[in-house]
Amino acid sequence: MDSVSLDGSLFSGFPTLSPGHVWLVGAGPGDVGLLTLHALSAMKQADVVYYDALIPQDILTLTPATLIYAGKKAGESCRQDRITQDLIDAARAGHRVVRLKGGDPLVFGRGGEEMQALHAAGIPCRIIPGVTAAQGAAACSQIPLTHRDHNSAVTFLSGHQAETLYGEAWHDIGLRSPLLVLYMGLKNFDKIRLRLLEVGRSADQPVAFISAATTPQQTTVLTTLGESLSVWPSISGPAIIMIGQGVSPE
Ligand code: SAH
């Protein structure tokens, strides 16, 4: 493929990232080609980019800004406050700040919390949406998120602390939604699967584990809810888990 220059006139008319402003930017699910032009424009204008764990090197090399790792590791519960404070401090120091997040900033990315904290601190902020992992996973495994024949609704849910998070709502979420798309679902998949069977979801329902979607390492493993525990230990993250009739390969 010929290389394409993405500098200069392509970005004329795009919004300006001003000193003292913070943009929360979605980097998409991994494939550099799924970055939006707005995301690229933001990265080219930034003085400093705070980036998350799942952002690939290919994407980080597109910015001339100072790169600061702001990913969280399991068990670091107060880290989010620190990241938010760093964004505020960088903006107050007059930098053009990009907070680069995997997928879409407002889908399970704590972008909502960061946005609220920036508003509270009086820091102007803008959101640049990104392709969320569910969309990347659906495309790369050719599983439609909606389909007129079998699902006209799709539910994105977090597997992180799902047991307590959904409480009584498990019945409605687990049973009634035609397609469940589980983010961060690998660790607790055994418990989540059990809850789904308990509330009446059929053991025959197709399940897809889609790992590293849109990257060269992507894999899709198809099974059923009943059989899924036998493959689950072999699945590596990051993974999207889709559960529903429409997940069937036919
Ligand atoms: N804001 C992100 C989600 C962050 S939560 C978005 O919109 O996509 C992190 C979870 O996203 C991971 O645990 C995994 O479930 C999912 N994820 C992120 N990138 C992925 C990828 N390339 N393939 C599969 N799942 C992915």
Taking a probe of 1.4 Å, how large is the accessible area per residue of the stretch 114-182, in Å²? 53
Dividing the mean separation of Cα pairs under 8 Å (6+ apart) by the residue count of the chain yields a relative contact order in percent of 19
Can you pull the three principal axis extents for the Cα set of the chain, in Å, largest first? 55, 45, 32
Quick one: net charge of ALA42's neighbours, Cβ under 13 Å, K/R +1, D/E -1? +4
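Probe of 1.4 angstrom, ligands and nucleic acids ignored: what's the accessible area per residue over the stretch 195-250, in square angstrom?
Spelled out: the 1.4 Å probe surface of the stretch 195-250, per residue, equals 47 Å².
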Tell me, what HN-Hα J-couplings in whole Hz come from the Karplus equation 6.51 cos²θ - 1.76 cosθ + 1.60 at θ = phi - 60° for each residue of the stretch 140-153, using x for Gly and Pro? 6, 9, 6, 10, x, 6, 9, 7, 4, 6, 9, 8, 10, 8
Provide, for the chain, the number of lysine pairs with alpha carbons under 20 Å apart, each pair being eight or more places apart or on different chains. 5
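Fully extended, how many nm does the chain gain between SER248 and GLN161 (0.36 nm per residue separation, minus their Cα-Cα distance)?
Extra length available between SER248 and GLN161 comes to 28.6 nm.
Is the stretch 2-128 rounded, prolate or oblate when judged by the Cα gyration tensor, a ≥ b ≥ c being the square roots of its eigenvalues, rounded requiring a/c under 1.5 and prolate requiring a/b larger than b/c?
In terms of gyration-tensor shape, oblate.
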Cα-based Rg of the stretch 133-247 normalised by 2.2 N^0.38 Å, two decimals: 0.96
Whole-Å distance linking the alpha carbon centroid of the stretch 97-127 with that of the stretch 184-242 is 29
Rounded to the nearest 0.05, what FRET efficiency do LEU62 and LYS187 have when you use their Cβ-Cβ distance and R0 = 45 Å? 0.90
For the stretch 24-150, the percent of accessible surface on carbon and sulfur atoms (probe 1.4 angstrom, ligands and nucleic acids excluded) is 51
Residue by residue, what Karplus-based ³J(HN,Hα) values in Hz, rounded to whole numbers, does the stretch 170-175 have, using 6.51, -1.76 and 1.60 with θ = phi - 60° and x for Gly and Pro? 3, 4, 5, 5, x, 9
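The values are calculated or read from the model by the stated rules, or taken from the named source; none is laboratory data. Since the model is a prediction, treat every value here as computed from it, not as a measurement. With ideal geometry, Cβ positions are generated from the backbone for all residues, glycine too; neighbour counts draw on all protein chains shown. When the accessible area is computed, the model is the full protein with side chains, heavy atoms only, and any ligands, DNA or RNA have been set aside. Shrake-Rupley method; radii C 1.70, N 1.55, O 1.52, S 1.80 Å.
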